[in-house]
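The values are calculated or read from the model by the stated rules, or taken from the named source; none is laboratory data. In this text, all values refer to a predicted model and were calculated from it rather than measured experimentally. When we count neighbours, we look across all protein chains shown, and the Cβ atoms used for this are built from the backbone with ideal geometry, even at glycine.
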Amino acid sequence: MYTIEIFLPLETSERKPVTHLSIEKIAAVLAEKFGGSSSLTIGRLTKDWKDGHAVWADQVATIKVMAAKLDVDWWCEYRGQLAAEFDDEEIAIRISCCQRRKRN
């Protein structure tokens, strides 16, 4: 079992706001494909560049889904679609392996 978290920007690269409808549409697509999704809007997320000279803040929403199998090709393609839709260089996706614990 896998938990997949998608971090979506709330502004485009030109600082135009992304509507909540856009986030809800993606949550609905993922809910249809995986049987459910949850979303959370996070305030400001600060990122540091590797050289330490530039610091910038970004606002993001996170959508989480759980999947029994991980289709890496599908996620790579979907990530590219999201980057184009949100006018962003790259969409961050975090994948974690997890187990369901059976009840006695």
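List of remarks:
- Looking only at residues in the stretch 83-98 that are under 20 Å from GLY35 (Cα atoms) and at pLDDT 90 or above, the one that is farthest from the chain's Cα centre (by Cα) is CYS97.
- Residues satisfying the stated conditions in the stretch 73-82, i.e. of a type in the set (D, E, K, R) and under 14 Å from the mean Cα position of the chain (by Cα): GLU77, ARG79
- Hits in the stretch 17-52 (condition: among the charged types (D, E, K, R) and at pLDDT below 85): ARG44, LYS47, ASP48, LYS50, ASP51
- Of all residues in the stretch 90-104, those that are more than 13 Å from ALA67 (Cβ to Cβ) have Cβ atoms under 7 Å from Cβ atoms of residues that are assigned to a loop (DSSP other than H, G, I, E, B), 6 or more apart or on another chain, in GLN99/MET1.
- Condition broken by LYS64, with the remaining ones in (1) loosely packed, with under 11 Cβ neighbours inside 10 Å; (2) charged (D, E, K, R); (3) closer than 19 Å to ALA28 by Cα satisfied: (1)
- For the stretch 85-104, a tally of residues being in a loop (DSSP other than H, G, I, E, B) and loosely packed, with under 13 Cβ neighbours inside 10 Å returns 9.
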